[in-house]
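The values are calculated or read from the model by the stated rules, or taken from the named source; none is laboratory data. Nothing here was measured: the structure is a model prediction, and the numbers come from that model. With ideal geometry, Cβ positions are generated from the backbone for all residues, glycine too; neighbour counts draw on all protein chains shown. With ligands, DNA and RNA removed, areas are computed over all heavy atoms of the protein, side chains included. Shrake-Rupley method; radii C 1.70, N 1.55, O 1.52, S 1.80 Å.
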Amino acid sequence: MRLGIWRWQRKLKRASFWGRVFKVTVLLSLIFLFVTFLPVLIYKVIDPPTTLLMWIRWAESGYEKRYPRTVKKWRKLDRISKPFLRAVIASEDQKFYRHNGFDWDAVNNAIRVNLSTRRKIGASTISMQTARNVFLWQKRNWLRKSLEIYFTVLIEMTWSKQRILEVYMNVIEWGDGVFGCEAAAQKYFKHSAGRVQPAEGAWMAAILPNPRAWPTPAYRSHVGQRQTRILNAMTSVRLYAVSP
């Protein structure tokens, strides 16, 4: 009799333990969802004032004052020149309006190239880059990549394509201490993002894969070749729901 009671008590304790584990897991999951989903909802209507990358670059510089820690001037999508927008889409994500955050053809191609050659190429869409730049850090690891996928799904679910593109244009790194399209246009061409011409937009789009190195004279030829390809590709890029 005592043995039966003892076994029954053990089963109750084991069930109680796993019940507590389940409750803690559910609670932590709800907290994670709240902490991550709330800023996505906020940034749907409020412009992100800063990004983690801005603070990282500031710290890497030795806390130099010339490195911005906030977005100085936000440009609404209809205040950015259409050639500039077309150039960025042509360079970074030509299927931007046709996918739900992930370009699976590019993913498959990247896997094939990375496994069969010494080249390392990525398959990040504009949506993925936006998620990474607004909510995460740049160092590559599995944790960051997993969170990047998660945040990409969230912003694709809650933001419009126009909102994703607008945030991307305003927070992306465009040079050493240069963030956003307005700062880039002012630095490289001495006028606003709203006045960027096709060749100028293609050049700025060409340096996006390596914005701190490629603006330098050492990469002039490479950037020029990319600029030409982007100019040719821009003719097939159509913008949706952007005022003329």
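In table form, for the structure just shown:
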quantity	calculated
Matching residues, the stretch 73-94, being open to solvent by 30 Å² or more (accessible area, probe 1.4 Å) and not in a helix (DSSP H, G or I)	LYS73, TRP74, LYS76, GLN94
Contacts under 8 angstrom Cβ, first residue in the stretch 148-164 being within 17 Å of ASP47 (Cα to Cα) and in contact (Cβ under 8 Å) with a residue 60 or more places away in the chain, partner open to solvent by 50 Å² or more (accessible area, probe 1.4 Å) and part of a helix (DSSP H, G or I), 6 or more apart	LEU154/PHE37; THR158/LEU41; THR158/LYS44; TRP159/LYS44; LYS161/TYR97; ARG163/LYS44
All positions within the stretch 100-111 that are open to solvent by 10 Å² or more (accessible area, probe 1.4 Å) and in a loop (DSSP other than H, G, I, E, B)	ASN100, PHE102, ASP103
Extreme residue, farthest from GLY175 (Cα to Cα), among residues of the stretch 34-63 that are open to solvent by less than 80 Å² (accessible area, probe 1.4 Å) and not in a helix (DSSP H, G or I)	ASP47
Within the stretch 153-162, tally of residues that are in a loop (DSSP other than H, G, I, E, B) and either crowded, with 24+ Cβ neighbours inside 10 Å or in contact with a helix residue (DSSP H, G or I) (Cβ under 6 Å, 6 or more places away or on another chain) (or both)	1
Helices (runs of 4 or more DSSP H) wholly inside the stretch 163-244 containing at least 3 residues that are buried (at least 16 other Cβ atoms within 10 Å of the Cβ) and either at pLDDT below 95 or of a type in the set (Gly, Ala, Ser) (or both)	181-189, 198-206
Residue that is in contact with a helix residue (DSSP H, G or I) (Cβ under 7 Å, 6 or more places away or on another chain), under 19 Å from PRO49 (Cβ atoms) and surrounded by 13 or more Cβ atoms within 10 Å (Cβ to Cβ), where the choices are TYR97, TYR67	TYR67
Residue list for the stretch 151-180, restricted to those being over 15 Å from ASP93 (Cβ atoms) and of a type in the set (Ser, Thr, Tyr)	THR158, SER160
